[in-house]
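Structure, as structure tokens:
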Amino acid sequence: MEHIAIIGSGFCGTVLAIQLLRNANGPLRLSLINRSGRLARGLAYGTHSASHILNVPAERMSLFPDRPSDFLEFARQQMPDARPGDFLPRRFYGDYLQDRLGRAIAEAAPGVRFSSLCQQVVELTDQGDHLRLMLDDGQTLDSYKVVIATGNFAPATPGPLTPLEQDPRYLRDPWTAGALEAIPTDASVLLLGTGLTMYDMALALQDQGHRGALLALSRRALLPQAHRDNAHHPVLPKLPEDFLHDMRLTQRLSSLRALIHQAAQDGHDWRDVIAALRPVTPQLWQGLDEVDRGRFLRHLQPYWDVHRHRAAPPVAQRINKLCATGQLRVQAGRVLAARSSQGGIELDVRRRGASETVVERFDFLINCTGPSTNLRTVDEPLLRGLLEQGVIRQDKQGLGLDTDAGFHLLDAQGAVNPHLYLLSPMLRASHWEATAVPELRVHAARLAELLLA
Ligand SMILES: Cc1cc2nc3c(=O)[nH]c(=O)nc-3n(C[C@H](O)[C@H](O)[C@H](O)COP(=O)(O)OP(=O)(O)OC[C@H]3O[C@@H](n4cnc5c(N)ncnc54)[C@H](O)[C@@H]3O)c2cc1C
């Protein structure tokens, strides 16, 4: 019997499992393996905080590309007034994932055998016509097709913070359960990074009654833009044909500015232009050579991120209020060195545009720099092992892993591994847009089709 094993049951692994269960009509054995024990949650939807809100409106959060209102229908069973443009809690989205997985298991065709395992996969070996998975309790599992859906890596410690690694006042991974509980309400806290992770942490601190000063620091101090209140459905502008042709990066940037300018004259918002780019972003990314990709990542990515990955309006409003009261300050600058001292964490900071360095002290430091993409430095035995053995390879820009168009992972020589697939934000290496639900659900549906073909 065909056996497919999915490693990881966050968003990607769960949605793939649902698609396989719904669409398999012959004999199939499906194993879903997750180390955390909580299926269908993952990092994003495993949060317990009601302040952690989806940053995509409900109407675009269905698991199924061909049934766009599925999430909204689920939401309306509990919140009859839920509107398409509402930004709902992320933990509620986890309930939705769990519900749809349960339903798919119950409704699977006869002959489809599903099992879930609460184990970490620590090693994967090639057995010729199949792969063997080694689990952390020493058991093995053989499978013809294995999908790596292990998600984002934990944030890495930025170089200058290395001396703080053993200091309990430095929170390297703010997503560790209960990480913020150790912070007293009057502590001064540095939030390193000014993106959506910083927003999540500032709000979680506020929820636990924090009164101490918060400083958010990043090189440019760019804050994520806010979504509009999506009560009105925008009509997306049509992109001109020549915009989709191959262009150098600088041409594309000026062309995008012209489009936004034109859209504003036609009564659109800049957000509509960014939304119109979304379906063609992989095509635009694939049209860039490595030099332009590198230039984009060095110079433009911070601007892209804050315009593309926006905050839900209620989140942005709370952050604005925190800034207005002076509790949260946002500054542009760089940490050059860090030390642990009795009185707190001491940092040498160079403000943007300044030539001298100032010493600042904080009671706690939260690393809000976002997931690491550097496989060589992460503490993940499975992927590190595969990389060291040359079974998989990182892309040239260090964004993720190289795959072919059928989601097969490529080995160190660029050869396709016929048994090993990838479904994760690490697909950004070839698609750039592989971060959020609207893209990942399409990849999941396509991969399920290929696996069952
Ligand atoms: C904080 C946050 C908020 C987000 N908010 C939104 C949003 O509002 N809207 C949106 O569209 N997108 C959002 N995203 C983006 C997107 O939805 C996620 O990145 C997506 O959930 C990725 O899913 P994943 O399955 O790849 O990873 P994850 O959901 O993290 O799941 C990976 C799973 O694999 C398991 N695992 C890892 N290694 C192993 C191993 N060796 N063996 C067994 N199991 C393993 C982990 O325990 C985990 O459960 C958000 C992302 C984050 C991080």
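Descriptive notes on the structure:
- The residues on offer are 202, 177, 182, and the sole one that is within 16 Å of the ligand (Cβ to nearest atom), modelled with pLDDT under 95 and over 30 Å from residue 284 (Cα atoms) is 177.
- Residue in the range 370-379 that is in contact with a strand residue (DSSP E or B) (Cβ under 9 Å, 6 or more places away or on another chain), in a strand (DSSP E or B) and away from the ligand (no atom under 16 Å from the Cβ) present: no
- Yes/no for residue 83 being assigned by TED's automatic domain parsing to the domain that holds residue 141, basic (Lys, Arg), in contact (Cβ under 8 Å) with a residue 24 or more places away in the chain and part of a loop (DSSP other than H, G, I, E, B): yes
- The set of residues from the range 117-134 being touching a residue at least 40 places away in the same chain (Cβ under 8 Å), within 11 Å of the ligand (Cβ to nearest atom) and in contact with a strand residue (DSSP E or B) (Cβ under 6 Å, 6 or more places away or on another chain) comprises 117, 119, 121, 122, 123, 124, 133.
Listed here are the residues, each with its yes/no results for (1) among the polar types (S, T, N, Q); (2) assigned to a helix (DSSP H, G or I); (3) in the same structural domain as residue 198 (by TED's automatic domain parsing).
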residue: 278; (1), (2), (3): no, yes, no
residue: 283; (1), (2), (3): yes, yes, no
residue: 291; (1), (2), (3): no, yes, no
residue: 296; (1), (2), (3): no, yes, no
residue: 299; (1), (2), (3): no, yes, no
residue: 302; (1), (2), (3): no, yes, no
residue: 317; (1), (2), (3): yes, yes, yes
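- Residue check for residue 346: surrounded by 12 or more Cβ atoms within 10 Å (Cβ to Cβ), free of Cβ contacts under 8 Å to residues at least 40 places away in the same chain and acidic (Asp, Glu): yes
- Single residue of the range 278-303 satisfying the filter (in contact with a Phe, Trp or Tyr (Cβ under 9 Å, 6 or more places away or on another chain) and buried (at least 16 other Cβ atoms within 10 Å of the Cβ)) that is farthest from residue 225 (Cα to Cα): 288
- Looking only at residues of the range 16-55 that are out of contact with any strand residue (DSSP E or B) (no Cβ under 9 Å at 6 or more places or on another chain), in a helix (DSSP H, G or I) and within 12 Å of residue 93 (Cβ to Cβ), we find that the one that is farthest from the ligand (Cβ to nearest atom) is 45.
The values are calculated or read from the model by the stated rules, or taken from the named source; none is laboratory data. Bear in mind that the values here come from a model prediction, so they are computed numbers and not experimental data. No Cβ is skipped: glycine too gets one built from the backbone with ideal geometry, and neighbour counts run over all protein chains shown.
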